[in-house]
1. For segment 114-141, enumerate the residues that are assigned to a helix (DSSP H, G or I) and touching a strand residue (DSSP E or B) at 6+ places or on another chain (Cβ under 6 Å).
2. What are the pairs with Cβ atoms under 7 angstrom where one residue, in segment 116-143, is of a type in the set (A, V, I, L, M, F, W, C) and the other, located anywhere, is in a helix (DSSP H, G or I)? Sequence gap at least six, or different chains.
3. Among the numbered criteria (1) over 27 Å from residue 3 (Cβ atoms); (2) modelled with pLDDT of 95 or more, which single criterion is violated by residue 88?
4. What is the residue count in segment 95-127 for residues that are farther than 21 Å from residue 137 by Cα and acidic (Asp, Glu)?
5. Can you confirm whether segment 81-90 contains a residue that is of a type in the set (A, V, I, L, M), surrounded by fewer than 20 Cβ atoms within 10 Å (Cβ to Cβ) and touching a residue at least 40 places away in the same chain (Cβ under 8 Å)?
6. Restricting to segment 97-133, and then to whatever is surrounded by fewer than 11 Cβ atoms within 10 Å (Cβ to Cβ) and of a type in the set (A, V, I, L, M, F, W, C), can you tell me which residue is farthest from residue 70 (Cα to Cα)?
7. As an exercise: evaluate residue 143 against (1) surrounded by fewer than 17 Cβ atoms within 10 Å (Cβ to Cβ); (2) modelled with pLDDT under 95; (3) within 17 Å of residue 28 (Cα to Cα) and give the number of the one condition it does not meet.
8. If you check residue 42 against the conditions, is it in a helix (DSSP H, G or I), loosely packed, with under 12 Cβ neighbours inside 10 Å and modelled with pLDDT under 95?
Amino acid sequence: MPTWILVADNSRARIFTADKAAGPLHEVRTLTSPEARLHEGDLVTDRAGQDRNPGVAGHGLSGERPHKHDIAERFAAQVCEELETARNQGQFRKLYVVAAPAFLGMLRHHESPALRQLIVAEIDKGLATQDPAAIRKVLPDFL
């Protein structure tokens, strides 16, 4: 079973493997949260809107929409569900987690105890947009 490396932030999670303990990384899976890339103003409004249908009296719409933190929490849960499924299928035996500090905390909140046991190391850096060679440099020489 290979070692997996999760590199994530609040809008993107990339999963890599390395064929050899000291080898380069190969991306095997990517998860994204398009909502997380929106500006806060696109997610929340301070005014309720109006819904007007022909022949029906108009009614107000609440301006409530999820905030960026809530979206990031849901994405962290989605990432952990994906990892949990892969763990149950025996797709990896060790996991390195590289994530932006705030998102790392969210991931920890959603990790199962069984998944936590497979985590070899956590690195609190936001490298989700970096190329595999740059990510490899922050990991131990031998995975």
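The values are calculated or read from the model by the stated rules, or taken from the named source; none is laboratory data. Computed from a prediction, not measured in an experiment: that's the story for all the values here. Here the Cβ positions follow ideal geometry from the backbone for every residue, glycine too, while neighbour counts run over all protein chains shown.
1. Selection gives 118, 132, 135, 136, 138.
2. Correct list of pairs: 118/87; 123/138; 127/134; 127/135; 127/138.
3. So the condition that residue 88 fails would be (1).
4. Within segment 95-127, residues that are farther than 21 Å from residue 137 by Cα and acidic (Asp, Glu) number 1.
5. Checked segment 81-90: at least one residue is of a type in the set (A, V, I, L, M), surrounded by fewer than 20 Cβ atoms within 10 Å (Cβ to Cβ) and touching a residue at least 40 places away in the same chain (Cβ under 8 Å).
6. 133
7. That leaves (1) as the condition not met.
8. Details: in a helix (DSSP H, G or I): yes; loosely packed, with under 12 Cβ neighbours inside 10 Å: yes; modelled with pLDDT under 95: yes.
Criteria met by residue 42.
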